[in-house]
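The values are calculated or read from the model by the stated rules, or taken from the named source; none is laboratory data. The structure presented is a predicted model; accordingly, all values stated were derived computationally and were not measured. Using ideal geometry, Cβ is built from the backbone for each residue, glycine included, and neighbour counts are taken over all protein chains shown.
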Amino acid sequence: MVNEHGWQGATTRRIAEAAGVNEVTLFRHFGSKETLIREAMCRCADQAPLSELPEEPVDARVELIEWATRHYEHLIEIRAHIRKTIGEAEMHPDVAAWAKRVPKHRSESLERYLARLAERGQTSGAWNPLAASNMLLGTLFADAISRDFMPDRLPAADDAPRQYVELFLSAIGYHTSKS
């Protein structure tokens with residue numbers, strides 16, 4: 001509802017009609033429109049498909065390309081919702097709290113994976129797993145969100161995650177065997 005009509009247009013009347021309940025029922029259960037929308041967004045975030053990286057890296061190139069591709073496809077699928085939420089976050093910062101759940105989980109998972117690669121001696125150079133994680137996730141996010149506006153400035157969508165991961169692995173000095 002918020003995706004289609006924005007915060008203002010997602011009236012409690014429209015929400016109640018879509019849910020097949022009385023508007024008063026919404027207020028009894030949630031107390032306010034803000035709480036209702038926040039809870040709906042949190043539930044959607046909790047149900048987002050999270051692709052996991054293995055606890056122990058085997059082939060980072062294969063594992064990260066597969067992981068990045070699934071994450072990127074999910075971002076592409078929900079990009080309109082993300083843009084709408086970003087656009088309305090300033091007016092309703094508490095409702096945008098859902099947006100922290102999925103990215104935080106993905107960032108922490110990727111950060112742990114990258115730290116394990118470094119511990120195993122499969123990377124070189126001085127780099128920080130948190131910064132590296134943010135770099136890859138930020139690149140995937142920026143591409144997915146801006147793809148509609150500047151497709152000619154981005155790699156082909158079906159190959160973008162692979163290209164970003166290849167460049168990323170080069171940046172952290174990934175190599176398949178211990179030095």
Would you pick out the residues in segment 158-178 that are in a loop (DSSP other than H, G, I, E, B), farther than 16 Å from N134 by Cβ and not charged (D, E, K, R)? G173, Y174, H175, T176, S177
Of those in segment 135-179 that are among the small types (G, A, S) and under 17 Å from the mean Cα position of the chain (by Cα), the residue surrounded by the most Cβ atoms within 10 Å (Cβ to Cβ) is A144
Could you say whether any residue in segment 64-80 is touching a helix residue (DSSP H, G or I) at 6+ places or on another chain (Cβ under 9 Å), at pLDDT below 75 and surrounded by 15 or more Cβ atoms within 10 Å (Cβ to Cβ)? no
Evaluate segment 169-178: report whether one residue or more is in contact (Cβ under 8 Å) with a residue 60 or more places away in the chain, in contact with a Leu (Cβ under 8 Å, 6 or more places away or on another chain) and closer than 17 Å to P57 by Cα. yes
